[in-house]
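Colleague: Below is a structure I'd like to ask you about.
All of the numbers you see were taken from the coordinates with simple rules; none came from a lab. Just so you know, these numbers come straight off a predicted model, no measurement behind them. Because the Cβ atoms are built from the backbone with ideal geometry, glycine has one as well, and the counts that use them run over all protein chains shown.
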Amino acid sequence: MASPYSDFKGKPRLPKFATPKRYDIRLKPDLDSCIFNGIVSIDVDVVSSTKYLVLNVADLNVDSSSVSFKPKSSSQELRASGVGLIEEDELLIVEFAEELSLGIGVLNISFQGTLNDQMKGFYRSVYEINGEKKNMAVTQFEPADARRCFPCWDEPAAKATFKITLDVPSNLIALSNMPVIEEKKEGDLKTVYFEESPIMSTYLVAVVVGLFDFVESSTSDGIKVRCYCQVGKSDQGKFALEVAVKTLELYKKYFDVPYALPKLDMIAIPDFAAGAMENYGLVTYRENALLYDEKHSAAANKQRVAIVVAHELAHQWFGNLVTMEWWTHLWLNEGFATWVSYLAADAIFPEWNIWTQFLDQTTDGLRLDGLSESHAIEVEINHASEIDEIFDAISYRKGASVIRMLQSYIGADTFQRALARYIKKYACSNAKTEDLWAVLEEVSGEPVKELMNSWTQQKGYPVVSVRVKDEKLDLEQSHFLLSGSPSDSQWIVPITLCCGSYDNRYSYLLKEKSGSLGIKDAAYVKLNVDQTGFYRVKYDEELGAKLRHAIESGQLSATDRFGVLDDLFALCTSGQQSLINLLTLIASFSEETEYTVLSNLINISYKVMRIVADATPELVDNLRKFFINLFEYPALKLGWDSKSGESHLDAMLRGELLTVLAELGDENTLNEAIRRFDAFCADRDSPLLPPDTRKMKCSMMPRRIFRMKRLLAFLM
């Protein structure tokens with residue numbers, strides 16, 4: 001016999017005959033038994049005739065006898081005549097004996113759940129106080145896990161306001177999206193009442209209960225900012241707090257819209273599945289993404305904290321204030337926040353050369369998108385169970401890279417003005433990718449939608465082949481695939497190039513498979529200036545030789561040196577260029593000192609060594625010597641010990657250079673590593689092994705195995 005609720009089974013979205021307007025949620029977590037009880041009252045707007053209310057529930061025990069609906073236009077409370085679950089679709093079906101009155105009514109539900117160990121929904125995390133393990137209660141609702149904490153319309157477009165009340169042990173701190181307005185203590189328990197939130201999506205609701213320390217500051221317009229962490233670690237939150245205050249100020253100006261909430265809390269969670277989560281007003285982080293220890297953390301950790309904080313705070317505008325209409329548009333949320341986090345980091349720490357480091361994001365996106373198994377940036381999501389699959393380098397890194405490409409194409413000022421208009425237009429609402437394109441097109445006058453659809457609605461990217469013929473530069477695009485398989489895909493490619501100097505620049509929109517530009521003879525031609533485009537470039541032999549000379553003579557910027565190298569390596573791995581051509585180019589970097597370029601050279605050296613070891617092992621020793629000679633110059637220049645006034649980038653580079661030299665078996669590096677490790681084992685305060693050097697990890701020769709295992713066990 002068919003279920004009376006089978007009409008709702010397997011549907012991609014919740015039915016539209018009723019929508020939530022306000023949630024009043026009361027939760028009582030028991031941190032010892034890891035059980036929580038709850039009551040939710042939801043103001044629901046019934047917009048069309050129905051006897052049913054359909055919402056999301058997962059892993060909750062709903063008290064069927066508690067379910068009722070009271071229209072605000074009537075004094076009569078309707079008890080549910082039936083309450084059913086469709087577990088595979090995580091749906092709660094509430095049936096009434098008669099059709100509901102149109103307009104606002106209040107749906108009441110009591111329920112019970114478990115503080116789970118899955119790091120999603122309402123879960124428990126374990127921390128220590130004075131050596132004793134304790135449980136804290138934490139929420140993680142993105143993408144679709146608010147339904148594991150309370151019955152709700154768990155879709156981003158179903159925005160509502162939230163009034164949260166918590167019953168918790170009186171000695172603990174309770175946090176939520178909004179400030180506390182009142183606490184009432186009764187014995188060992190207290191009831192904590194929070195201000196009602198502005199309109200937002202369920203995946204942004206947050207609750208944390210535990211014992212914490214915090215550091216506090218404020219923005220110039222009075223927004224209170226706090227960084228919470230485990231007791232005894234508050235000093236490690238000071239750097240993130242400083243970054244957060246500066247970032248809020250910067251985004252207020254950039255988006256031309258103030259931060260919408262009266263406070264911002266950030267908290268480090270010991271057990272956390274993601275790097276961080278942008279819950280409105282209560283951002284949760286993995287501990288190593290928020291805390292920074294000046295004495296024991298490496299420079300790379302400091303940079304990670306700054307970028308992650310800037311990423312999550314970008315979401316307070318782009319994601320929280322203006323929210324994607326459905327998960328198909330996730331890439332826009334995450335790609336944009338990734339891109340703008342570098343914009344913020346560059347403004348706060350200009351000495352980090354962060355836009356050169358952004359190329360690591362682009363390279364990761366290019367690497368994954370060069371596989372035939374890749375997917376388009378914009379993926380149609382038909383069911384909540386599919387959402388997790390698109391939290392990947394395509395959504396984040398390729399998304400960020402094509403946004404940067406678009407900003408470069410229409411201009412930074414125009415792009416900023418359009419974003420500010422978009423935020424104001426869709427504030428407290430939802431938007432689709434097309435809505436952003438429409439605003440950008442209106443402000444810039446450029447064919448943004450046509451251009452960007454070619455990048456977001458199909459997978460992959462082009463390689464642009466370029467050659468000089470009869471005083472013309474011939475360009476031809478084709479789908480770049482690591483497998484080398486043919487494809488008919490085509491893009492609208494914003495081409496930039498410089499000829500002989502950065503003062504002699506051109507822009508060209510390649511709309512067809514091929515095109516040409518008239519140019520005068522130049523010392524070199526470099527396409528994709530500053531690597532702002534998401535495509536590869538393949539030069540003919542003559543142009544390639546000129547670029548090698550430009551690198552050797554210091555005529556190319558770090559971003560362009562990186563691009564020439566990364567493109568040729570990708571072409572080599574796909575069989576479109578030879579290993580000899582790659583090694584000839586690498587030899588041009590004999591005096592390279594820039595962090596991001598050297599870091600990429602190091603990564604390429606590891607991969608080339610593995611390829612050669614498998615294909616022609618007799619060449620391994622010569623290749624090892626080649627790379628040792630390449631990296632000795634910058635390593636000797638940096639030395640083992642940090643210098644007064646040394647840059648952040650030099651500190652990050654030292655560990656990578658020493659690691660690769662050790663991996664390659666450089667005797668001098670191995671001997672010095674062991675000497676310093678022995679000194680550190682004898683005295684943990686020894687200055688011979690600072691944090692940036694401790695990250696060294698290396699494969700050692702047999703006669704050193706025992707001592708080096710001790711080193712690796714400590715360092716890794």
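Colleague: Per-residue HN-Hα couplings for the range 99-116, Karplus 6.51 cos²θ - 1.76 cosθ + 1.60 at θ = phi - 60°, whole Hz, x for Gly and Pro?
Modeller: Using θ = phi - 60°, the values come out as 5, 7, 5, 5, x, 7, x, 10, 9, 10, 9, 9, 7, 9, x, 10, 6, 7 Hz.
Colleague: Charges only on Cβ, +1 for Lys and Arg, -1 for Asp and Glu: so what's the dipole of the chain about the Cα centre, in debye to the nearest 20?
Modeller: 600 debye
Colleague: Quick one: dipole size for the range 1-205, taken about the Cα centre, charges +1 on Lys/Arg Cβ and -1 on Asp/Glu Cβ, in debye to the nearest 20.
Modeller: 360 debye
Colleague: Students often get this wrong: which residues of the range 192-229 have the backbone nitrogen under 17 Å from the point 7 angstrom along Cα-to-C-beta of residue 347?
Modeller: 219-223
Colleague: For the range 461-557, what is Rg from Cα atoms divided by 2.2 N^0.38 Å, rounded to two decimals?
Modeller: With N residues counted in the range 461-557, Rg over 2.2 N^0.38 Å equals 1.06.
Colleague: Starting from the amide H of residue 322, placed 1.01 Å from N in the peptide plane, find each other amide H under 5 Å away whose residue is 5 or more places distant or on another chain.
Modeller: Under 5 Å from the amide H of residue 322 lie the amide H atoms of 428, each far enough along the sequence or on another chain.
Colleague: Quick one: compute the contact order of the range 1-205, relative version, from alpha carbon pairs under 8 angstrom and 6+ residues apart, as a percent.
Modeller: 22 percent
Colleague: Now for a different question. With charges only on Cβ, +1 for K and R and -1 for D and E, what is the dipole size of the range 322-456 about its Cα centre, in debye, rounded to 20?
Modeller: That gives the range 322-456 a dipole magnitude of about 480 debye.
Colleague: Wrap a convex hull around the Cα atoms of the range 262-306, take a quarter of its surface area, and give that in square nanometres.
Modeller: Average of the hull's projected areas for the range 262-306 equals 3.5 nm².
Colleague: Here is a follow-up. P(r) of the range 201-348 in 5 Å steps, Cα pairs, percent per bin?
Modeller: Result returned by the calculation: 2, 10, 21, 25, 22, 13, 6, 2, 0.
Colleague: In whole angstrom, how far apart do the alpha carbon centroids of the range 81-153 and the range 235-283 sit?
Modeller: 26 Å
Colleague: Could you work out the Kirkwood radius for the range 43-180, taking every pair of different alpha carbons, averaging 1/r and inverting it, reported in Å?
Modeller: Hydrodynamic radius (Kirkwood, Cα only) of the range 43-180 equals 16.9 Å.
Colleague: Then there's this: Take the range 407-477, compute every pairwise Cα distance, and split them into 10 Å bins from 0; I just need the percent in each bin.
Modeller: Reading upward from the zero bin: 17, 36, 27, 14, 5, 1.
Colleague: Could you state the number of Å between the C-alpha centres of the range 381-400 and the range 175-204?
Modeller: When both Cα centres are located, 32 Å separates them.
Colleague: Which residues in the range 236-271 have a backbone N closer than 20 Å to a point placed 7 Å from the Cα of residue 412 along the Cα-to-Cβ line?
Modeller: Within reach of a label on residue 412: 246-257.
Colleague: Is the shape of the range 519-674 rounded, prolate or oblate, going by the alpha carbon gyration tensor and its root eigenvalues a ≥ b ≥ c, with a/c under 1.5 for rounded and a/b larger than b/c for prolate?
Modeller: oblate
Colleague: Quick one: work out the % antiparallel among DSSP beta bridges in the chain, nearest 5.
Modeller: In the chain, approximately 80 percent of DSSP beta bridges are antiparallel ones.
Colleague: Here's a follow-up. Rounded to whole Hz and in sequence order, give me ³J(HN,Hα) for the range 629-637 from the Karplus expression 6.51 cos²θ - 1.76 cosθ + 1.60, θ = phi - 60°, writing x for Gly and Pro.
Modeller: Computed from phi, the couplings for the range 629-637 are 4, 5, 8, 5, 4, x, 5, 5, 5 Hz.
Colleague: Kindly provide the pair-distance distribution of the range 168-229 built from C-alpha pairs, with 10 Å bins from 0 and whole-percent values in order of increasing distance.
Modeller: The calculated distribution, bin by bin, is 18, 45, 33, 4.
Colleague: Could I ask something else about it? How compact is the range 593-672 by the rule of thumb for globular proteins, expressed as Cα Rg over 2.2 N^0.38 Å?
Modeller: 1.14
Colleague: I'd like the Kirkwood hydrodynamic radius of the chain, using the inverse of the mean 1/r over distinct C-alpha pairs, in Å.
Modeller: Across the chain, the inverse of the average 1/r is 28.2 Å.
Colleague: Pop the C-beta distance of residue 216 and residue 77 into the FRET formula with R0 = 35 Å and round what comes out to the nearest 0.05.
Modeller: Working from the Cβ atoms, E equals 0.20.
Colleague: Report, by chain and number, residues whose modeled amide H sits under 5 Å from the one on residue 516, excluding near sequence neighbours (fewer than 5 apart, same chain).
Modeller: 475
Colleague: Still on this model: From the mean inverse distance of alpha carbon pairs (Kirkwood) and the Cα radius of gyration, derive Rg over Rh for the range 359-426.
Modeller: Ratio of gyration radius to Kirkwood radius for the range 359-426: 1.06.
Colleague: Using only the Cα atoms of the range 322-456, what semi-axes does the equivalent ellipsoid have when each is the square root of 5 times a gyration tensor eigenvalue? Give whole Å, largest first.
Modeller: 22, 21, 14
Colleague: Related question: Only helical DSSP H runs with n ≥ 4 go in: add -39500 (n - 2.57) per run for the chain, normalise by residue count and round the 222 nm mean residue ellipticity to 500 deg cm²/dmol.
Modeller: After summing the helix terms and dividing by the residues of the chain, the value is -10500 deg cm²/dmol.
Colleague: Moving on to the next point. Under the Karplus relation 6.51 cos²θ - 1.76 cosθ + 1.60, θ = phi - 60°, what is the ordered set of whole-Hz ³J(HN,Hα) values for the range 529-544, x standing for Gly and Pro?
Modeller: 4, 6, 6, 7, x, 9, 7, 9, 10, 10, 9, 6, 4, 5, 5, x
Colleague: Tell me, what is the percent relative contact order of the chain, built from C-alpha pairs under 8 Å that lie six or more residues apart?
Modeller: Relative contact order of the chain: 8 percent.
Colleague: For residue 276, list long-range residues whose amide hydrogen, built 1.01 Å from N in the peptide plane, is under 5 Å from its own amide hydrogen.
Modeller: Amide H to amide H, under 5 Å and 5 or more residues apart or across chains, residue 276 pairs with 286.
Colleague: On to the next question. Can you tell me the FRET efficiency between residue 119 and residue 504 if r is taken as the Cβ-Cβ distance and R0 is 51 Å, rounded to the nearest 0.05?
Modeller: E(calc), rounded to 0.05, equals 0.40.
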